[in-house]
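**Q** Right, I'll just put the structure down here and ask away after.
Quick note: the coordinates plus some simple rules give every number you see, no bench work behind them. Keep in mind it's a predicted model, so treat the numbers as computed, not measured. Positions of Cβ are backbone-derived with ideal geometry, glycine not excepted, and every protein chain shown enters the neighbour counts.
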């Protein structure tokens, strides 16, 4: 009997975090104001296919997919974490100037199709298959070509 109780408790404990990470479809109006303003400024006129809130307890994130395939990810405060524009280009205004300058000098004629950031790094993907990783001081730390 004691073993069954332990098994049931383990199942409950391990299933709650898994359920908490399931995405929940929400209207854009339920997203943080910062995220809504970012979308209005850089992606106005694009139709949202789906907006989702992920996480429930400790850390929320928001994912937005547009009808044209562009995808955005925001943290719980509405600050962008990832901008994926495989079929267009990442808005130039959101790319830090030192990174934009490096790419313009070293990879002329390419488009930035994806940018991701966290506290320590910024990853950039170019339309020619090149992936670049910059540290928080905007110094290149890794380059990978397909």
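**Q** Hey, rough spin-label estimate for residue 25 and residue 118, points 7 angstrom out along Cα→Cβ, what's it come to in nanometres?
**A** Taking the simple label geometry, residue 25 and residue 118 are separated by 3.0 nm.
**Q** Between residue 137 and residue 50, what FRET efficiency follows from the Cβ-Cβ distance if R0 is 35 Å, with the result rounded to 0.05?
**A** Working: r = 36 Å, r/R0 = 1.03.
Efficiency at R0 = 35 Å is approximately 0.45.
**Q** Relative contact order for the stretch 91-146 using alpha-carbon pairs under 8 Å, separation at least 6, rounded to a whole percent?
**A** Numbers: 74 pairs, mean separation 12.4, N = 56.
Over the stretch 91-146, the number comes to 22 percent.
**Q** Could you give the semi-axes, largest first, of the ellipsoid that matches the stretch 48-146, computed as the square roots of 5 times the alpha carbon gyration tensor eigenvalues and rounded to whole Å?
**A** On the way: eigenvalues 122, 56, 22 Å².
Listed largest to smallest, the semi-axes of the stretch 48-146 are 25, 17, 10 Å.
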